[in-house]
Amino acid sequence: MYQRVVLRYCESLHGRWNLQEIRAVFLRRHLLQNTALELFLSTRTAIMFAFPDQDTVKKVVYQLPRVGVGVKYGLPQSRKTSLMTPRQLFKHSDMCQKWQKREISNFDYLMFLNTVAGRTFNDLNQYPVFPWILSNYTSETLDLNQASNFRDLSKPIGALSESRRKFFQDRYSNWEDETIPPFHYGTHYSTQAFTLNWLFRVEPFTSMFIHMQSGKFDHPDRMFHSLAETWERCQRDSHDVKELIPELFYLPELFRNSNGFPLGKRADGAKLDDIILPPWARGAEHFVLLHRQALESNLVSCQLNQWIDLIFGYKQRGPEAVRATNVFYYLTYEGSVNVNAIENPSQAEAVKQQIQSFGQTPAQLLTEAHPPRHSVMTITPMMFRRCEDDLCMLMKFISNSPIVYLAANTWSQLAQPTVLSIANNLVFALNRWDNGYKYTSNRPSALAMNDKQAEADANQVELPLTVDPLLASGNPSQPPPRRHLGDSFDQRMKIKWNNFVSTTDTRFIIACGYPDYSFRVIDLDSARVRQVVYGHGDVVTCVARSETSLFSDCYVATGSLDCTVALWHWNGQAGVVAGEYNLPGETPSPRAILTGHDAKITALSVSAEHGMVLSGCEDGTVLMHTTSGDLLRRIEGPDKVSLLFMSRDCVVFVLYGTSIIRTFSTTARPLDEQVIQERLECACLTRDSEYVVAGSDSGRVHIWRLFPLEHLYTFQQTDSPVRCVAVSASHRFILGGLDSGAIVVFNVDFNKWYYEYKHRYAENKR
């Protein structure tokens, strides 16, 4: 009833959404006025509504759940937050500080800026904008440490060359129209036409592009065909000053015509079906991955703040914009006109069409210079100091039961950073982690495997990991009731690391493998079963969760002997697997049942960010589903799928059997393959998805770079097989759970494998 009070009539209503699924509410612009809202749902969809006026917007917000703009940006979950202006959102968020301290990537930070500045995937006129970052699209090789391969981010696209800058400055200086303010650029860097020209090979943008062109494609010579040609046109054509869109950094399908539409030929006879990529790219997937690496490179990081000043900051408008050759047509700016106040209908319609078709400048977030990103050396000056010892410590449990699961929940934001370990006898330990521990070269050597004296010496120094006090002593055959998971698992199963998933705050564990076909949520403080969840017709064989921040919701996927995968919604605040409407007390129900396998599910990977669920089974098949249940891809393999991961850059890592490693794109295109001599037992991705850490049955821990696939390092051999691995939140330690019932901790410095480190810092150390 209350909705009718706010809106008596809603034109073209074509769907309905559960209020309980709303995770964020953002104020948005429509025709340069703050009269729209965008709602982000737990299903990874977003809906945008335009309203008659700002009063109606405020009334609607106060009838919606109190979720603010979500939990990602460090802002209160309140209705007041949802009504904040873009500048207020930026000012009160903690994302700028996180970016400066390199806690988030350049890509994530640019998406944050676009989101709070009003850019949205739901409006082609206000599509997210990303910078051109490279200037070399013609060479056979691309050196990401060579400054000449990168665009100057301190200048707008229209002013990269001196002659072009002078052309636009002359236009501004010689402007004589008294009714229209002077400008440098009559076109914009982000328009509906430009966005569709990037995306017209992918539906639904193909149909949108045809509709925009009155039922046909544009002239082939004007359609996106070559990155090198498009870049050159942006350097010489006074009507082309476009920037990029996010998809060029993650969507290889953008470069191929997968719809079957006849796109025609250019005047030179070239077909438009596929994009002409730079010679240094070995295909669409390779280009996207290298392009993303270039975005995260040090040469981009150190000057990205200057591009932010141009697009979102103090050089966006006013005298600083004039000095920076960065002034656009006045109707692209917020506050320049109120369409509703124009009395002449034809004039109002003309202004409306101008705003909708020829670009809108993002909301201005800063009126002073954006701070630069800290260099790696500034953040931790000693981070490149070589550790003399790989081995940090070894911690042995008195039960001697193999350690089959580790979760390094060592975030500094937690009151008590913890390493959760689970043994084969289902005894778990909440081991304390000290984030203040630092390696010192003059301390006694870490716990040696076969050296009692070294162990005695090491006991006198501070170490990062301390055993759970409840398990430090006592009878190993009778563990404390508060440290046992309860019922035994199905006897047909070997207990492995992927039988368990921990929440990031170490409050709950989700365990599978029970003979009653359930999986269970267990409170780790009391060891009591919080939920028994049924959703399969046979034993649940593996479980995985999507990426998540502290205390946030996520997806949980379960695989079974019944050949199906079930996708569930984890309510982080309530600490339960949610029901259909995410209401208190509801019976848990899956969001989707994923089918297509003909054998036992053996491996899972879930990404909420990409909306994908990957599953592998005993016959070697890998399936890729959307989180709504649609089957996207099928990959056949030579052996059982033992390990399966997907990186943030959409590189898929598969271990077949115990020794065949293959990587794929999410379009199922093969990228790399390695056959190794050891039998791998377990693996995990680092938080940045750059590296795979794996343990073998020979007692070794290995590190691979994910793309391009490359074995980087092997730590010293331990005295028993490695059953599980984890990486600390700081990326400074690798932990391994051993078959002997111990946890080994290695010092690690991932920075030495970064491209910039090898070329910039390694030279200085010689």
Practice task
Using only protein heavy atoms and a 1.4 Å probe, report how much of MET208 is accessible, in Å² to the nearest 10.
Solution key: 80 Å²
Handout entry: Charge tally in the Cβ shell below 11 Å around ARG119, where Lys, Arg are +1 and Asp, Glu are -1, ARG119 excluded
Key = 0
Practice task
Sort the stretch 70-138 into rounded, prolate or oblate with this rule: let a ≥ b ≥ c be the square roots of the eigenvalues of the Cα gyration tensor; rounded if a/c is under 1.5, and if a/c is not under 1.5, prolate when a/b is larger than b/c, oblate otherwise.
Solution key: oblate
Problem - Protein-only accessible surface order, largest first, of THR361, THR85 at 1.4 Å - result: THR85, THR361
Problem - Nonlocal amide H pairs with LEU594, under 5 Å, H built at 1.01 Å - result: VAL565, ALA566, LEU567
Problem - For q = 0.12, 0.15, 0.18, 0.29 Å⁻¹, Debye-computed log10 I/I(0) when each Cα of the stretch 136-202 counts as one equal scatterer - result: -0.54, -0.77, -0.94, -1.15
Completion exercise
Summing -39500 (n - 2.57) over every DSSP H run of at least 4 in the chain, dividing by its residue total and rounding to the nearest 500, the 222 nm mean residue ellipticity is -4500 deg cm²/dmol
Practice task
Taking every Cα atom in the stretch 289-366, find the radius of gyration and the maximum pairwise distance Dmax, and write them in Å.
Solution key: 16.8, 53
Problem - For LEU643, distant residues with modelled amide H under 5 Å away - result: LEU655
Practice task
Do me a favour and compute the ellipsoid semi-axes for the stretch 43-181 from its Cα gyration tensor, root of five times each eigenvalue, largest one first, whole Å.
Solution key: 36, 25, 14
Handout entry: Cα Rg over Rh - the chain, Kirkwood
Key = 0.98
Completion exercise
Rg/Rh of the stretch 614-766 (Cα atoms, Kirkwood Rh), to two decimals, equals 0.99
Practice task
Report the full-extension gain for the segment SER488 to ILE593: residue separation times 0.36 nm, less the Cα-Cα distance, to one decimal in nm.
Solution key: 35.2 nm
Problem - Residue-count net charge about PRO371 - beta-carbon cut-off 15 Å; Lys, Arg +1, Asp, Glu -1 - result: +2
Problem - Local electrostatic count, SER135, Cβ distance below 10 Å [Lys/Arg +1, Asp/Glu -1] - result: 0
Exercise for the section: Using the structure shown, select from LYS494/LYS600; LYS80/LYS315; LYS494/LYS640; LYS72/LYS101; LYS155/LYS315; LYS58/LYS315 the pairs with a Cα to Cα distance greater than 22 angstrom. Expected result: LYS80/LYS315; LYS58/LYS315
Practice task
Run the numbers on the chain and let me know its relative contact order in percent, using alpha-carbon pairs under 8 Å that are six or more apart.
Solution key: 9 percent
Problem - Once the Cα gyration tensor of the stretch 518-608 is diagonalised, semi-axes √(5λ) in Å - result: 22, 14, 13
Fill in the blank from the handout: Share of Cα-Cα pairs in the stretch 196-253 beyond 12 Å, whole percent, is 72 percent
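The values are calculated or read from the model by the stated rules, or taken from the named source; none is laboratory data. Being a predicted model, the structure only gives us computed values, none of them experimental. Positions of Cβ are generated from backbone atoms using ideal geometry, with glycine treated the same way; all protein chains shown enter the neighbour counts. Accessible surface is based on the protein model in full, side chains and every heavy atom, while ligands, DNA and RNA are left aside. Shrake-Rupley method; radii C 1.70, N 1.55, O 1.52, S 1.80 Å.
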